[in-house]
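Since the structure comes first, as structure tokens, the remarks are kept for the end.
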Amino acid sequence: MTFRGAAAATALLVLAACSGSDDARPAPQPAGTTSTATPEAPTPTVAPSPKATYPGADWTRAERGDWTALDTDLAAHGSTCVAVVQDGRLVHDAYWNGGAPRAPHTVYSIAKSLTSLLVGTFADEGALVLDGTAAEWVDEWRGTDAEAVTVRSLLAMTSGRLWSDAADRRMIRATSDQTSYATGLPQGGKPGERWVYDNAAVQTLESVLDDVSDTDDVADLAEERLLEPLGMRDTAWGRDGAGNALTYSGMESTCLDLARVGHLMLNDGSWDGRQIVSADYVGQATSPSSPLNAAYGLLWWVNAEGRIVEVLRQAGFASDKAPYEGRLAPNVPDDAFWAFGYGNQYVAVVPSEGVVAVRLGARPGSPDEVTFDSFTADVLAALGS
């Protein structure tokens, strides 16, 4: 049973134990008479909620599972590392193709999911409202069509910001100040009309975070609010050529560090007695944010049923496939969710199994290799789940 499942079962026992009232107890009997009332059942003993296990400087190891097939497959497809944590303990890690436990790798759009958590910390404090206009913090958008853009729509990829392959490539490859470029693009349509995987729209969150906080360095904010509390000592937040924090990509990290992010999410935003981000925000981030793509939450990928839009070209493959009905990972529990980066890099979280799994490395030769579904299902199979 996972920590969440055990806690829920304990809560139900507590409610059951407390549901009786004094009025329902047998009345006292006069002296010399014998009570015919059925004796009360003994009050059940309620076990205390199990304390979630968290790593210190290093993960506690508890190796289990048969990893031969998974490791062979991952190594053959360019992976540099894999790490699997179950119930807060490292059950497996392996390294190939130049990878090492503390050797950082560029994790590309996995950074988006950490940006989501950083936004969530400010939403929890009331410093920003997810459904409020982002123009409150993005000066260039005031008095323009972009005033309709909410923070939530930027996180959900439904902002309606102008997007094209050419504009995307120009920002990534040929622009020094990527925040100014992204905020300076015109509005392409009304928010909520289309789902588009838009790097520039996510980079505008740097402008939001820059203004909503007391510091103008968003990378320092990320260090203070996420990386340092989680003990991510081998992770560096990316910056553009102008020194702006990159909120859509550019981060360098390791399998073992990113497993900490997954474990935070598994425990509803709580880390060793400290609520880093609220359980409410974690729930929103890992639930479908729009019927336009049931596989997307708030910069996290999810496993809900509905219209599914994948982004194979953004992952480095030649072409996308048409939207389809179903689930992103049909062979995986429907509560699974992922941070996902270029080249099929993953932080997979399966709450019902208490499992976090991370894969980093090069892009596989085909989009049908090391997928959301196959990677996560193979991890669970290796564990015997």
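Here are some notes:
- The numbered conditions (1) more than 20 Å from Val332 (Cα to Cα); (2) touching a residue at least 60 places away in the same chain (Cβ under 8 Å); (3) not hydroxyl-bearing (Ser, Thr, Tyr) are all true for Ala285 except (1).
- Check on Ala357, crowded, with 24+ Cβ neighbours inside 10 Å, among the small types (Gly, Ala, Ser) and modelled with pLDDT of 95 or more: yes
- Among the residues of segment 360-375, the ones that are crowded, with 19+ Cβ neighbours inside 10 Å and either within 18 Å of Tyr95 (Cα to Cα) or hydrophobic (A, V, I, L, M, F, W, C) (or both) come to 6 in all.
- Condition broken by Gly341, with the remaining ones in (1) modelled with pLDDT of 95 or more; (2) within 28 Å of Ala166 (Cβ to Cβ); (3) over 18 Å from the mean Cα position of the chain (by Cα) satisfied: (3)
- Total residues in segment 146-163 satisfying the condition of being of a type in the set (Lys, Arg) and over 20 Å from the mean Cα position of the chain (by Cα): the figure is 1.
- Strands (runs of 3 or more DSSP E) within segment 289-385 that include 3 or more residues of a type outside the set (Ser, Thr, Tyr): 306-308, 337-341, 345-350, 355-361
- Helices (runs of 4 or more DSSP H) fully within segment 43-159 counting 1 or more residues that are among the hydroxyl-bearing types (Ser, Thr, Tyr) and more than 30 Å from Lys190 (Cα to Cα): 68-76
- Scan of segment 247-276 for residues that are among the basic types (Lys, Arg) and over 15 Å from the mean Cα position of the chain (by Cα), ordered by number: Arg274
- In segment 315-338, the residues that are under 24 Å from Leu118 (Cα atoms) and out of contact with any helix residue (DSSP H, G or I) (no Cβ under 8 Å at 6 or more places or on another chain): Ala315
- When we screen Leu299, Leu383 for residues that are crowded, with 18+ Cβ neighbours inside 10 Å and within 21 Å of His105 (Cα to Cα), the only hit is Leu299.
- Members of segment 213-235 that are modelled with pLDDT of 95 or more, among the small types (Gly, Ala, Ser) and either over 19 Å from Thr106 (Cβ atoms) or over 18 Å from the mean Cα position of the chain (by Cα) (or both): Ala219, Gly231
- Selection of segment 123-164 for residues being crowded, with 24+ Cβ neighbours inside 10 Å and at positive phi yields only Met157.
- Close Cβ contacts (under 7 Å, 6 or more residues apart or on different chains) running from residues in segment 180-201 that are farther than 14 Å from Ser290 by Cα to residues that are of a type in the set (Val, Ile, Thr) and in a helix (DSSP H, G or I) comprise Ala182/Thr204; Thr183/Thr204; Asn199/Ile172.
The values are calculated or read from the model by the stated rules, or taken from the named source; none is laboratory data. Since the model is a prediction, treat every value here as computed from it, not as a measurement. When we count neighbours, we look across all protein chains shown, and the Cβ atoms used for this are built from the backbone with ideal geometry, even at glycine.
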